[in-house]
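Asker: Submitted below is the structure of interest, expressed as structure tokens.
The values are calculated or read from the model by the stated rules, or taken from the named source; none is laboratory data. Bear in mind that the values here come from a model prediction, so they are computed numbers and not experimental data. As a convention, Cβ positions derive from the backbone with ideal geometry for all residues, glycine included, and neighbour counts pool all protein chains shown.
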């Protein structure tokens, strides 16, 4: 008989898996798996690290840019106690993002997006001013969007489409992969969820083929999308893999881009790898993190996405308390972070916000049934 994981444990597992995965994967981000193996064997611990030659040696356990974006989404949800839209998150950007964070804990291009956000243009237009349309900026950080929509996969996808436009244009395939990320988290919160049921919900709700593209109410044609085709191909390609070593070798044959900015950091690669890792480890959060960390290329994003998804499905029981404590300690020392709430505080706040949302739904239902 499988262990019952409470919804509160799932929320905590999501945040713990994401933060620990990001912190362990960040120091080796951009390295090939061959380089990681040659230097560390199997990397299974936190390391201090520097980024962009900026002189800041980060405490071991320090998270990275994806978690910073996630924190902004979480803060918006805590403020609203409900689902959020791009305008809600833009207001948090303007209030919480530190001016000197760009190039330190966030990417340099986010300084431009913040300046645009302060201009007052519609929040859903901000992503038009990002030069990097395919990145995992939204898909690697929208775990809170899945949590506030726990069990409500359809609305999780809709909200991810909305919020993804803070970072990318509305037509960007990265926005559609953000829908996959949020859908997976929302699905994994369901009672009795399994790896197979999560993948099934992704295939059900994220098949965007023939999805009408509407802008300001006008239909402009249809999205001929390859999200499900790519994910299905990845799952089939790695079905024989018995460990993450075999998994990464299978992916070497399809994901090897180089020579352009952020060549390792595209949303389709990160999400496909993370979901295949989830299946490989059968939802064990710590094993998902190790696989992501030692996968090579965008190790921070892949470990965070895989760890957060596995943590949502089966809780954080496989992640040691020492790892979680070290991440909280590193956060307390981080001068550039958007907030210094602990993993527990982030998760508990989101859990309370979800219950506040449920109460609003219940009150509305009772009111309308009384008519």
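Asker: If I ask for residues that are closer than 28 Å to residue 168 by Cβ and either out of contact with any helix residue (DSSP H, G or I) (no Cβ under 7 Å at 6 or more places or on another chain) or assigned to a loop (DSSP other than H, G, I, E, B) (or both), which ones from region 59-75 would you list?
Answerer: Scanning region 59-75 gives 62, 63, 64, 65, 68, 69, 71.
Asker: Residue by residue through region 226-264, note down the ones that are within 17 Å of the chain's Cα centre (by Cα) and modelled with pLDDT of 95 or more.
Answerer: 231
Here is a yes/no grid of residues against (1) at pLDDT 95 or above; (2) part of a loop (DSSP other than H, G, I, E, B):
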site: 89; (1), (2): yes, no
site: 93; (1), (2): yes, no
site: 100; (1), (2): no, yes
site: 104; (1), (2): no, yes
site: 110; (1), (2): no, no
site: 126; (1), (2): yes, no
site: 131; (1), (2): no, yes
site: 138; (1), (2): yes, yes
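Asker: Condition test on residue 199, is it touching a residue at least 40 places away in the same chain (Cβ under 8 Å) and more than 25 Å from residue 7 (Cβ to Cβ)?
Answerer: Numbers: touching a residue at least 40 places away in the same chain (Cβ under 8 Å): yes; more than 25 Å from residue 7 (Cβ to Cβ): no.
So residue 199 does not fit the description; no.
Asker: Same structure, new question: Would you check which residues across region 173-219 are crowded, with 16+ Cβ neighbours inside 10 Å, more than 17 Å from the chain's Cα centre (by Cα) and modelled with pLDDT under 95 and list them?
Answerer: Within region 173-219, just 208 meets the criteria.
Asker: To continue, here is another question. Do we find that residue 103 is within 21 Å of the chain's Cα centre (by Cα) and either farther than 28 Å from residue 294 by Cβ or touching a residue at least 24 places away in the same chain (Cβ under 8 Å) (or both) in this structure?
Answerer: Values: within 21 Å of the chain's Cα centre (by Cα): yes; either farther than 28 Å from residue 294 by Cβ or touching a residue at least 24 places away in the same chain (Cβ under 8 Å) (or both): yes.
Yes, satisfied.
Asker: Would you be able to say whether some residue in region 275-286 is over 15 Å from residue 20 (Cα atoms) and within 13 Å of the chain's Cα centre (by Cα)?
Answerer: Applying the first criterion (over 15 Å from residue 20 (Cα atoms)) to region 275-286 yields 275-283.
Restricting the remaining residues to those that are within 13 Å of the chain's Cα centre (by Cα) gives 275.
Scanning region 275-286 turns up at least one residue that is over 15 Å from residue 20 (Cα atoms) and within 13 Å of the chain's Cα centre (by Cα).
Matching residues to (1) assigned to a helix (DSSP H, G or I); (2) modelled with pLDDT under 95; (3) buried (at least 22 other Cβ atoms within 10 Å of the Cβ):
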residue	(1), (2), (3)
4	no, yes, no
8	yes, no, no
18	yes, no, yes
22	yes, no, yes
47	no, no, no
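Asker: Scan region 49-85 for residues that are more than 21 Å from the chain's Cα centre (by Cα), at positive phi and either crowded, with 17+ Cβ neighbours inside 10 Å or at pLDDT 95 or above (or both) and report the count.
Answerer: Count: 0.
Asker: Within the group 255, 286, 262, which residue is in contact with a strand residue (DSSP E or B) (Cβ under 7 Å, 6 or more places away or on another chain), more than 12 Å from residue 244 (Cα to Cα) and surrounded by fewer than 24 Cβ atoms within 10 Å (Cβ to Cβ)?
Answerer: Criteria check complete, one pass: 262.
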